[in-house]
Each structure stands twice: as structure tokens, then as C-alpha cells.
Amino acid sequence: MASHSGVPREKWWKIQWFSDDDTPEEKKFITKLDLILIPYLFVTYWVKNLDQNNLNNAYVGGMKEELGFHGNELIRLQTMYIVGAMAAYRFLVGWFEAAYFPAVHYILGSWYRGHEISRRGGIWYTGLPLGTLTAGLVQAGATRKLDGVHGLSGWRWMYIICAIVTIPVGLAGYFILPGTVDKPNKFVLNDHDHRVARERLKKKGHKVQGRLKFNHIKQIMSSKHFWIVVLVDVLFWNAGINSGAFLLWLKSLKRYDSATVNEYGTIPPAMGIFFTLFANFSSDLLWGPVWAITFASGMNTLTNLILVIWNVPEPAKWFAYCNAGWSYALSSVLHGWVNNILRDSPEIRSFTLVFINIIAQSSTAWTGILAYPTVEAPRFLNGYSFSFSMSTSLIIGAHLLNLYLKRRRDPNATQSTPASDVEVTDDGSSQGQIEESDQSKSLHSTQIKPVS
């Protein structure tokens, strides 16, 4: 087997969906799981981001004037979402959605092997730009068609529409989500499916069962690569420009009505769908997570640089804002990589995904207020400079993490070692077989082994 990033295959340049070692039975199971799990996750993330991003569209669609907003109310309401991850409503949205992001990544890591996660996560993550895009279209339609109906403003109708869409999608999850391999939901997968899932994961060193204990937390907190992962995740969460920056810039031009501003605001998320699919599919099928992160973050850095300079032709600003989707396109690449690094320890993997998300997302609660105060719109010089520093540091951080993992596997490792063909495991065997006694081993004694 050629040693290369992504799907294991005989020739590194041969792009293929399944690995060469997938049996026909496994391919059938993977296809079934794909058709059940991924479409539902995509719909849930679309609805989540429809609910989350409607604030920006409502703000430029009449909320500001009707509620008498002034100063920094927009960024404060955006922050309400973060700390809870129209104050009370916004806080509740963030509160109930707080566990969603790490939970989805944990589910993906529970069913899929390392080289399979980014593609599925990428399809799921396109719900983010689609939700943003749809929020703009819904607000534009509500402003034009429903404004004043039954005495309600168009932006208020948008919140009603979002609620009608969200509730049934949430209820359907009880029957559709497959759970995890050790605690499956038998509404959608039968006993044969569970057996195939367990066997295909175990034969490649994926541990499917475990319980978090206090000593695991001590091991996690004392491991160097955990804190490197935390740093990289913080950089990722802060590398993008403020979600409302483009709309505020369009509104500042004073040449478009509110409905048109919201329609133009759908262009960046539409581009973001393509960016997300490219970053994640290329990670799995071509060059692995490190270089996928490097490329996506490099494109995002270009966006931030243009906006820092600011005094550029207007088409350059259009390009920069429309290119901003690269900042979130790499999300499932990064978190899929974390899933893969900790594939042999479900208990450590679950804690790590939740903890790094708490730290990283919480950091945006105060960085947003400091870097993107609404009163500085549309030119957020401090904000764009901050995002530029984060996106460039993210590239460095990803390579430092990869270098650290390679050196833990082999202190004499050379640069010929593939970028993503390393990962942490608690087992001590060269074939990746996991023994029950390995649960007690410290992360300080972990080894690195090839991705499967």
C-alpha cells in the first residue's frame, strides 16, 4: 500500500471513494450509513444556521430601526449566541445548540474511519453556508411579501418561518440518528449493520467502547498535543471575519434597499458551499488534512489582507468578501483530524472534542466585541488585522501539530513522512491491535501509527 495522505490506495494519484481494503459487505454498509446519516446531519446544520444567521439579516432588514438599536447592539447579540452556546431568544438558541457541534463530530468519528470523515463532515458542513444563504433569501422574501401582514414586520415573520422549519427537523432526529457503535439506535441500523461496523473499525485500531474516568482527564490535561490542538482550534474559530461585515458594508454603500442587501448577502455563503466541499474532499481523497488546512487558510489570509489594506478598487472588496467562506471550509478537516488522532479512545475523544470547542468558541465571545464593534462598520481595521494574524498563525499551528505527531512516532522522522499519515493511539503493538489493558496507559506514552 502506497504511503500517502487520504484514502489508502495502491497509487497515490488514484482518487477513489472506497479504500482498497474495503470488502463488498463493508462498502454496502458504508453506502447505507451515508444515505441515512449524512443527509439528516446536513439538514440539521442548515436549519441551525438558518436560525443562527437570521439575526444579521433581520438587523439590516428593519430590526435596527424598529427596535431603536444603536451602537454595538449587533455584536452584543451575536455574543449572546456564543455565551449561551433579542437577548432572551438569542441566549436560548445558543444554549440549546451548544452541544450540537462536538456531538456531530463525535458521531462521525464513531462510525467512520479516519480517511472517511472529512468528506462526510464536509457535506454536513455545507449546511452552514446554505443556512446563511437561505436566511438572506427568507428575509428578502419576508420583507417584500409579508411586511405588514397581520401587523408584523417582515423580519418578525422570518423568525416565525424559522421556528416552523426547525421543530419537525429536531423531532425527526430521534428516529434517524444512528447513535454510536456501542450504543446504537436500532430504528435505522440492524444487528448485521452493527456487526459490520464494529469489525471494520476494530480491525484498523478504532476502539468502539470506553468510559470517561478522572484519570483520563488528568492524562488529557498533561499531554502536549492536546494543548497544541486547543491552540489550533482557537486560531480556527478566530480566523474568519465577522459574519455581518459584508452586509454592513453593502448597507454603507447606500445604493441598495434592505431586500437587495439581503439578496447580495447570499453570494459569499453560496461560494462557501463550493469551498467547503473542495477543502474536505481534497483532504480525504488527495493531500490530507495538513495541506487542506494550509490551502483553505491561505485563501482566507488573502481575504483578510485585502480588507486590512481596504483602500483597494471596489471589485477587490467584492472578491474578498465573497472569498471569506474559506475561513470555515476547513472545519471538518480539522475536527476530523482530531477524531482520527484519538480514534482508539472514545472517552478521551469525546472529552477532547467538547473541551476544545468550549475553549475555542468561548474565545470568540470577547474577541468579537473587541475586534468588531458595530460602530466601526464597515471598515473594521482592528478586526480584519486580528483575523489576518489568526489565519496566518493557523497555517503555522497546523504544521507544528503535524510535526509534533511525526516526532512522537519517530524522533528521527524525516520530511518524507506523509502529512496526515500519523496519529496517536494508546496501543503498543505495531499492527494497531488494542488490548483492554491499554486503557490505563498514559497519553505520555502514546505512539503514532499510520492512518487507516
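Ignoring ligands, DNA and RNA, what accessible area per residue does segment 105-195 give at 1.4 Å, in Å²? Walk me through the intermediate numbers first.
Numbers: 3780 Å² over 91 residues.
Per-residue value: 42 Å².
Sequence-ordered 3J(HN,Hα) estimates for segment 236-246 from the Karplus curve with 6.51, -1.76 and 1.60 and θ = phi - 60° stand at 4, 5, 10, 7, x, 6, 4, 5, x, 4, 5 Hz, glycine and proline given as x.
For segment 316-325, the Karplus equation 6.51 cos²θ - 1.76 cosθ + 1.60, evaluated at θ = phi - 60°, returns couplings of 5, 5, 4, 4, 4, 5, 6, 8, 5, x Hz by residue, with Gly and Pro reported as x.
Share of segment 92-182's accessible area from carbon and sulfur, percent, 1.4 Å?
Details: 2640 of 3530 Å².
Using a 1.4 Å probe with all protein chains present, segment 92-182 comes out at 75 percent carbon and sulfur.
In plain terms, the C-alpha convex hull of segment 331-372 casts an average shadow of 3.2 nm² when viewed from every direction. Highest mean packing comes first when the peptides 133-141, 145-153 are listed by Cβ atoms within 10 Å, giving 133-141, 145-153. With every protein chain in place and a 1.4 angstrom probe, the accessible-area ranking of 230, 43, largest first, reads 43, 230.
Quote the FRET efficiency, to the nearest 0.05, computed for residue 311 versus residue 152 with a Förster distance R0 of 60 Å and r equal to the Cβ-Cβ distance.
Values: r = 42 Å, r/R0 = 0.70.
About 0.90, to the nearest 0.05.
Here each label is just a point 7 Å from Cα along the line to Cβ, and for residue 396 and residue 165 those points are 4.1 nm apart. In this simple spin-label model, placing a label point 7 Å from the Cα along the Cα-to-Cβ direction at both residue 257 and residue 86 gives a separation of 2.3 nm. Within segment 232-267, the trypsin sites (Lys or Arg not before Pro) that combine a DSSP coil assignment with at most 16 other C-beta atoms in a 10 angstrom radius are 254, 255.
Residues whose amide H lies under 5 Å from that of residue 179, counting only those 5 or more places away or on a different chain, are 185; hydrogens are built 1.01 Å from N in the peptide plane. Based on protein heavy atoms only, segment 225-363 ends up with 31 Å² per residue of surface accessible to a 1.4 Å probe.
Per the Debye formula on identical point scatterers at the alpha carbon atoms of segment 17-56, with no solvent, log10 I(q)/I(0) at q = 0.23 Å⁻¹ is -0.73. Label-to-label distance, residue 21 versus residue 103, with points set 7 angstrom from Cα along the beta-carbon direction: 3.3 nm. One decimal place: the segment residue 191-residue 144 gains 11.7 nm when fully extended, by the rule 0.36 nm per residue minus the C-alpha distance.
The values are calculated or read from the model by the stated rules, or taken from the named source; none is laboratory data. From a predicted model like this one, the values you see are computed outputs, not experimental measurements. Counting neighbours? That spans all protein chains shown, and the Cβs are built from the backbone with ideal geometry, glycine included. Quick note on the areas: whole protein, heavy atoms, side chains included, nothing else; ligands and nucleic acids left out. Shrake-Rupley method; radii C 1.70, N 1.55, O 1.52, S 1.80 Å.
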